[in-house]
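In what follows, a structure is listed as structure tokens, so that the remarks can point back to it.
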Amino acid sequence: MTTDTADRRPKAGNGEDSIYWDKSKNRYVGAVSLGYSPDGKRRRPKVYGKTKTEVRSKLRELKKELEAGVKTSSSYTIERAVNDWLTRGLRGRDAASIKAYRSLAKNHVIPDLGKAKLHELDPDDVDEWLEAKSEELAHETLKRIRSILRRSIAMAQRRGAVLRNVAELTELPEGKAGRPSKSLTLDQAEAVLRAKPGTWIHAYVVLALLVGVRTEEERPLTWAHVHIDAQNGAKPHVDVWRSVRKKGETKTRLSRRSLAMPQQAASVLADHRRRQQEASQAAGVQWGATELVFPNPDGTQRSSKSVLVNFRGLLKEAGFASPKEWTTRELRTSFVSLMSDHGIPIEVIARVVGHSGTAVTERVYRKQLRPVITDGAEAMEHIFKSDESR
């Protein structure tokens, strides 16, 4: 039996390149011979392309990777890289963050890029993907899905699976504008403060609206951090030292702060504490300062969904036509808006809401701030005059 010499390919020496046409794959194949592994298997990584020029280019990139000690697998896909990062790269994150990242990866990154080979992905591919997603996603969501891709490839880089991180070489398009936050008018805020008196959600809303505490800082708040019966002439205040984030840390270092409460807020919280103590006594349960201020009936920490559902119920009682159009975070934007409307300087507002400077306050709350922007508790005393002073 004879073999056509045209089909014969000389065996490539160690480190040599070999390019040939693979009829079954309908494309050219480039291979580098690297000798044999300890188990006796031949080491011959391959690249594929429609032309010899394309294959030569890929072989050059492959050699760079080999020289850098990168062990690129031709079967290692973006889906595998993302799933590896979701499994190993989110350790220490809180459950809500993990759930959000998994959802974004499952719905956007993996369906669109998952089948692509990691070593074949280039910046143009990512740019085109981001540009297409910018037509349907808000800018913040767009930023997060690129972050997932970037972190996934970075983990693969650290493990020697790829030479460069193409996600870091891309430009982030603008994306769709997110839903703008709204603020309560003074009349709406007064209606909200009158709704569902004597309930936990009323106390919750009062603290958020009159003191400017983030909802993520209210849910883990304990009575040890609420100082209603202040001593030595100190004003009633609340220590905002914890949040629902991992290990109880606040959003930033400056978010850890103590805020004076207007008398209305102190009075509402005092009544709320008394009711909670009476309920514990009736149930034969010992009450202590380590108890949560706004717990579930079983004493556990409330979820953001529980707060939102109850907040919208309060808005309905307050006469709002469309309670579902509002979120709890808009109590904080309303706090900023009301402060600004009454002449409080932006520097004071930034300090009260826990920002490191006025730039973040201006950027996040620009629609709530007035062009002319003496502390928070005094302002709220003036804005929402107590019944005794009316």
For Val244, the lone unmet condition from (1) more than 23 Å from Ser337 (Cβ to Cβ); (2) at pLDDT 90 or above; (3) β-branched (Val, Ile, Thr); (4) under 26 Å from the mean Cα position of the chain (by Cα) is (2)
Scope the range 32-61; condition hydroxyl-bearing (Ser, Thr, Tyr), surrounded by 15 or more Cβ atoms within 10 Å (Cβ to Cβ) and either at pLDDT 80 or above or touching a helix residue (DSSP H, G or I) at 6+ places or on another chain (Cβ under 9 Å) (or both); matching residues:
Tyr48
Can you confirm whether the range 162-171 contains a residue that is in a loop (DSSP other than H, G, I, E, B) and touching a Lys or Arg at 6+ places or on another chain (Cβ under 6 Å)?
no
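Could you tell me whether the range 180-199 includes any residue that is over 30 Å from Glu317 (Cβ atoms) and either part of a helix (DSSP H, G or I) or in contact with a Pro (Cβ under 6 Å, 6 or more places away or on another chain) (or both)? Let's see the steps before the verdict.
Just the residues of the range 180-199 that are over 30 Å from Glu317 (Cβ atoms), to begin with: none.
So far as the range 180-199 goes, no, none of its residues is over 30 Å from Glu317 (Cβ atoms) and either part of a helix (DSSP H, G or I) or in contact with a Pro (Cβ under 6 Å, 6 or more places away or on another chain) (or both).
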Out of everything in the range 99-121 that is surrounded by 15 or more Cβ atoms within 10 Å (Cβ to Cβ), in a helix (DSSP H, G or I) and among the hydrophobic types (A, V, I, L, M, F, W, C), what residue ends up being modelled with the lowest pLDDT?
Leu118
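Have a look at Phe320, Phe335, Phe294 and point out the one that is modelled with pLDDT of 70 or more, aromatic (Phe, Trp, Tyr) and more than 27 Å from the chain's Cα centre (by Cα). Give the steps one after another, and end with the answer.
Numbers: Phe335 fails: more than 27 Å from the chain's Cα centre (by Cα); Phe294 fails: more than 27 Å from the chain's Cα centre (by Cα).
Among Phe320, Phe335, Phe294, only Phe320 is modelled with pLDDT of 70 or more, aromatic (Phe, Trp, Tyr) and more than 27 Å from the chain's Cα centre (by Cα).
Each row is one residue, and each column tells you yes or no for (1) surrounded by 18 or more Cβ atoms within 10 Å (Cβ to Cβ); (2) farther than 17 Å from Asp124 by Cα; (3) not basic (Lys, Arg).
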position: Leu149; (1), (2), (3): yes, no, yes
position: Val166; (1), (2), (3): yes, no, yes
position: Leu172; (1), (2), (3): no, no, yes
position: Lys182; (1), (2), (3): no, yes, no
position: Thr185; (1), (2), (3): no, yes, yes
Residues of the range 164-213 being more than 30 Å from Trp241 (Cβ to Cβ) and of a type in the set (A, V, I, L, M), in sequence order, are Val166, Ala167, Leu169, Leu172, Ala177, Leu186, Ala191
Per-region count, the range 298-336, residues more than 22 Å from Phe384 (Cα to Cα) and aliphatic (A, V, I, L, M)
4
Go through the range 62-90 and give me each residue that's closer than 12 Å to Glu120 by Cα, part of a helix (DSSP H, G or I) and modelled with pLDDT of 75 or more.
Ile78
Just give me the residues in the range 122-145 being buried (at least 20 other Cβ atoms within 10 Å of the Cβ) and of a type outside the set (Phe, Trp, Tyr), in sequence order.
Val126, Leu130, Leu137, Leu142, Ile145
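The values are calculated or read from the model by the stated rules, or taken from the named source; none is laboratory data. From a predicted model like this one, the values you see are computed outputs, not experimental measurements. Cβ coordinates were reconstructed from backbone atoms using ideal geometry, including for glycine residues, and neighbour counts include every protein chain displayed.
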